[in-house]
Amino acid sequence: MKPFTRKQFLNRSIVLASTLFLLGGEWNLIAKGTIEEKISDPPDGLKPILENDPTAQALGFHQDAKYTDFNLYPERKQPQAKNQVCLQCAQFTKLNEGWGKCSILTNGVVSTKGWCSAWSKKS
């Protein structure tokens with residue numbers, strides 16, 4: 001077997017590292033899943049609360065909790081915060097599988113997957 005030169009070794013190392021990096025990124029996309037679960041439509045005649053509503057903005061509200069601003073609410077990164085969604089909140093009253101009313105954000109309906117800083121655990 002013929003020994004590698006330094007140049008050949010470096011070239012092959014770069015190619016190998018690049019290939020592993022690209023394949024690793026591809027596998028990561030596959031593992032996460034490229035299809036996201038869509039939030040269902042709200043019940044007939046009811047409008048969802050807009051995230052740009054002044055009260056909703058003040059509470060950091062999002063219809064999907066994964067879009068929470070983690071810089072403003074770093075506690076949302078903690079593992080126990082994973083289940084902190086509107087469905088598990090004391091302020092939430094369920095209307096159907098995907099939507100419900102909030103006693104704080106009263107001008108519409110909120111998604112069961114939503115979150116705001118007023119979240120409190122149901123007892």
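Any chance the range 87-97 includes a residue that's in contact with a helix residue (DSSP H, G or I) (Cβ under 8 Å, 6 or more places away or on another chain), under 12 Å from residue 119 (Cβ atoms), surrounded by 12 or more Cβ atoms within 10 Å (Cβ to Cβ) and basic (Lys, Arg)? Explain how you work it out, then say what you get.
The first filter runs over the range 87-97 and keeps only residues in contact with a helix residue (DSSP H, G or I) (Cβ under 8 Å, 6 or more places away or on another chain), leaving 92, 94.
Restricting the remaining residues to those that are under 12 Å from residue 119 (Cβ atoms) gives 92.
Restricting the remaining residues to those that are surrounded by 12 or more Cβ atoms within 10 Å (Cβ to Cβ) gives 92.
Next, only the ones that are basic (Lys, Arg) stay: none.
No, there is no match, as no residue in the range 87-97 is in contact with a helix residue (DSSP H, G or I) (Cβ under 8 Å, 6 or more places away or on another chain), under 12 Å from residue 119 (Cβ atoms), surrounded by 12 or more Cβ atoms within 10 Å (Cβ to Cβ) and basic (Lys, Arg).
Going through the range 65-120 one residue at a time, which ones are under 15 Å from residue 50 (Cβ atoms) and assigned to a helix (DSSP H, G or I)?
Residue satisfying the conditions is 67 alone.
Quick check on my filter: what residues within the range 17-64 are at pLDDT 80 or above, part of a loop (DSSP other than H, G, I, E, B), under 19 Å from the mean Cα position of the chain (by Cα) and within 23 Å of residue 76 (Cα to Cα)?
Hits for the range 17-64 are 49, 50, 51, 52, 59, 60, 61, 63, 64.
Quick check: is even one residue across the range 72-88 at pLDDT below 90, assigned by TED's automatic domain parsing to the domain that holds residue 115 and touching an Asp or Glu at 6+ places or on another chain (Cβ under 9 Å)?
For the range 72-88, residues at pLDDT below 90, assigned by TED's automatic domain parsing to the domain that holds residue 115 and touching an Asp or Glu at 6+ places or on another chain (Cβ under 9 Å): present.
For residue 80, all conditions in the list (1) surrounded by 13 or more Cβ atoms within 10 Å (Cβ to Cβ); (2) out of contact with any Gly (no Cβ under 8 Å at 6 or more places or on another chain) hold save one; what is the number of the exception?
(1)
The values are calculated or read from the model by the stated rules, or taken from the named source; none is laboratory data. Predicted model only: the values in this text are computed from it and were never measured. Cβ: placed from backbone, ideal geometry, glycine included. Neighbour counts: every protein chain shown.
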